[in-house]
1. Could you sort the peptides 421-432, 445-456 by per-residue average Cβ neighbour count (10 Å cutoff), highest mean leading?
2. Once both labels are modelled 7 Å past Cα along the beta-carbon direction, what's the Gln49-Val221 spacing in nm?
3. Give the peptides 375-383, 83-91 in descending order of average Cβ contacts within 10 Å, highest first.
4. Give the peptides 111-117, 234-240 in descending order of average Cβ contacts within 10 Å, highest first.
5. Give the lysines whose C-alpha is closer than 18 Å to that of Lys411, dropping any in the same chain fewer than 8 places away, or say none.
6. So what is the orientation-averaged projected area of the stretch 208-268, using the convex hull of its C-alpha atoms, in nm²?
7. Going Cα to Cα from Lys454, which aspartates and glutamates come in below 18 Å? Please leave out same-chain ones fewer than 8 positions away.
8. When Lys and Arg each count +1 and Asp and Glu each count -1, what net charge do the other residues less than 14 Å away from His213, Cβ to Cβ, add up to?
Amino acid sequence: MDTMAHSQWLHDVRENVENYPIAAGDLKFDIAVIGGGFVGLWTSIFIKQLEPNARVAVFEKDQVGHGASGLNGGFLMTWWPKLASLRTMCGTDDALWLADQTTESVSAIGEFLRDNDIDADFTEAGWIWAATLAKHAGSWNGIVDLCRKLGRDRIFHVLEQEDVARRTGSSIHVAGVLERRSGTVHPGKLVAGLARVARQLGVAIYEDSPVLHFARTSPSVLQTRKARIVCDKVILATNAWTTEVSELSPYLFNIASSVIATEKIPGLLEKIGWTGGESIADSQSLVNYYRTTRDGRIIFGQGGGSVLYSGNSLSQKLRFDRDIANTISDFNRIYPMLRDVVIDKSWSGPIDRSYNGLPLLGRLQSSPNILYGFGWSGNGVNPSRIGGRILAGLALDRKERWTENGLVNGKARRFPPRLFGYLGGTAIRGALARKDVAEKAERPMLALDRMLVKLAPAGLEDKIE
């Protein structure tokens, strides 16, 4: 999709990416992965590392990385901010193990990039969970206390107000905590590098090859526009487009996130003091997330945008101008000294929200040879590697901690049926937006909005009352 190439990340790599063929004819593989983004590529790489003789293919409907993997903020976040939800879903032992794995995964991604000579602008400079309103100060206290209670007292470091203002380059930040072992990456460069490594390992990659149908049989048969594929296992790594799978659709709700990229302003970043490379997210309901890039841009995004009726909504409209305007407004509020900076790029992308903000991974109950991984909920760049390792183990029928933990085939809460979910989600999203506006204006919320926000699914961070 040409419009998707207007993300800053995909624009940066547009002249240096490899093109892969269209699937054609009769094909046969051991494992077919549907989706050529982070989840699909990590999964295929892990499968080949664990079982080099496995015949693996990735089928991508557009170009590799042109879905959510090329439209995000490039944050390498862990699951520690979601520890409460993770513990409820998986139990304490598995929650701690999985969160530990996401911490180790950040460093492992850096090692993978170095080992494979991939320059993806990797940093491990930390993530700041910040407050831009006094009302939001301490939003993290419940998670910090839970980490300490469970023996992880060095995950978060509480920052003094002067320190958080210095690190973020704006005195509007009144409080915050630093998670040191988080990082950032250039998503376009990362996904291109993953595809190259997968291909070198022997994975067949097909672009412009949307899977129009897959049979819930063993072996399964997939149909694209020009190919018929027979395979023993199918892995659905389809992000927001998973809403088109009837068994999984009730557990997924799609919303948009909109992002802006400024012009290159290294001198201004130096002037305001935002030079440490930390990524930042605030504590409002429609969360803002922001970071700098190696070449001196600011990437500033806002989650919780327009509600999408289905995965195909983004195929039809890839920009949400009102959401982008709201994103620019909050950028100007947080960095008023940069109000006159030119916005070079702006775009929207999908977030595949699960109810608790954690991914769902497992097998279709009626067709155990069909696996799935979706519901990354705005935090998939780093956790997709964890999901890829889990899915690889499941595809190879391995009995190990990766395949036998509470996240695999975990119990998940359903959303209302699609039309009602869309209408209800739109109402709740509107209430959350009005909540943020009211808090900024220091005025009370409407009673109806107070009721509606209580129905909202979990966000990027667990805010324990």
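1. 421-432, 445-456
2. Reported label-point gap for Gln49 and Val221 is 3.6 nm.
3. 375-383, 83-91
4. With the highest mean Cβ count within 10 Å placed first, the list reads 234-240, 111-117.
5. Lys82
6. 7.3 nm²
7. Asp436, Glu439, Asp462, Glu465
8. It works out to a net charge of +4.
Read-outs: derived from the displayed coordinates by stated rules, not from any lab. Quick caveat, the model's predicted, so the values are computed rather than measured. All Cβ positions, glycine included, derive from the backbone under ideal geometry; neighbour counts span all protein chains shown.
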